[in-house]
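Input: a single structure, listed below in structure tokens.
The values are calculated or read from the model by the stated rules, or taken from the named source; none is laboratory data. What you see is a predicted model, and the numbers here were worked out from it, not measured in a lab. Ideal geometry is used to build each Cβ from the backbone, glycine not excepted, and the neighbour counts take in all protein chains shown.
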Amino acid sequence: MAKTSVLQTSHHSAGGAHILASDAVEQAFRVLHTGFVVAPIVAGLDKFFNLLTDWSQYVPGVVGQTIDPGVMLPVVGIVEIGAGLLVLFNPRIGGMVVALWLVLIIAGLLAIPGYFDVALRDLGLALGAIALSRLAASRDARYV
């Protein structure tokens with residue numbers, strides 16, 4: 001017997017269209033999934049080209065004194081590309097990996113005066129990555 005879910009309730013949108021809540025959940029999953037595949041891959045690739053920004057400005061001084069940013073940032077780029085690919089193929093695990101990566105980035109940003117706004121933005125992204133992971137887990141459970 002099929003398991004029913006509260007997420008399968010229906011409602012009318014402002015335009016009067018009949019929408020299943022499960023459709024909205026699926027749409028939210030797809031938006032987050034696409035975003036957390038594309039963003040890490042684009043950011044990772046840009047660690048090699050610096051077209052979006054000069055990424056070395058986000059390296060805390062103590063880290064930059066220990067490891068040459070010119071060596072570190074391509075490694076960071078490879079990790080970010082890998083995280084994006086992990087989200088593509090396994091969003092439940094990949095979402096949590098991206099969230100953890102963002103928490104590490106936030107820690108680094110908090111060590112740089114003037115970047116607290118970027119840290120706050122990255123906190124929002126980390127929460128979105130966690131939401132993606134939870135939606136993926138719920139989605140996986142529905143198809144078992």
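Observations on the model:
- Segment 56-90, subset crowded, with 17+ Cβ neighbours inside 10 Å and in contact with a Lys or Arg (Cβ under 8 Å, 6 or more places away or on another chain), residue farthest from ARG139 (Cα to Cα): LEU73
- When VAL62, VAL71, VAL76 are checked against the criterion of being modelled with pLDDT under 95, farther than 30 Å from GLN27 by Cα and part of a helix (DSSP H, G or I), VAL62 stands alone in meeting it.
- Residue list for segment 110-143, filter: acidic (Asp, Glu) and modelled with pLDDT of 95 or more: ASP117, ASP122
- Residue in segment 112-121 that is without any contact (Cβ under 8 Å) to a residue 24 or more places away in the chain, touching a helix residue (DSSP H, G or I) at 6+ places or on another chain (Cβ under 6 Å) and not acidic (Asp, Glu) present: yes
- Selected residue [closer than 30 Å to SER22 by Cα and either part of a helix (DSSP H, G or I) or charged (D, E, K, R) (or both)] from ILE93, ILE106: ILE93
- The listed residue being part of a loop (DSSP other than H, G, I, E, B) and out of contact with any strand residue (DSSP E or B) (no Cβ under 9 Å at 6 or more places or on another chain), out of ILE81, ILE112: ILE112
- Among the residues making up segment 38-55, a single one is over 21 Å from ILE106 (Cβ atoms) and surrounded by 14 or more Cβ atoms within 10 Å (Cβ to Cβ): LEU45.
- Residues in segment 1-53 that are of a type in the set (Val, Ile, Thr) and either at pLDDT 95 or above or more than 30 Å from LEU100 (Cβ to Cβ) (or both): THR4, THR9, ILE19, VAL31, THR34, VAL37, VAL38, ILE41, VAL42, THR53.
- If the condition is being within 22 Å of LEU51 (Cβ to Cβ) and among the small types (Gly, Ala, Ser), then segment 74-129 contributes GLY77, GLY82, ALA83, GLY84, GLY108.
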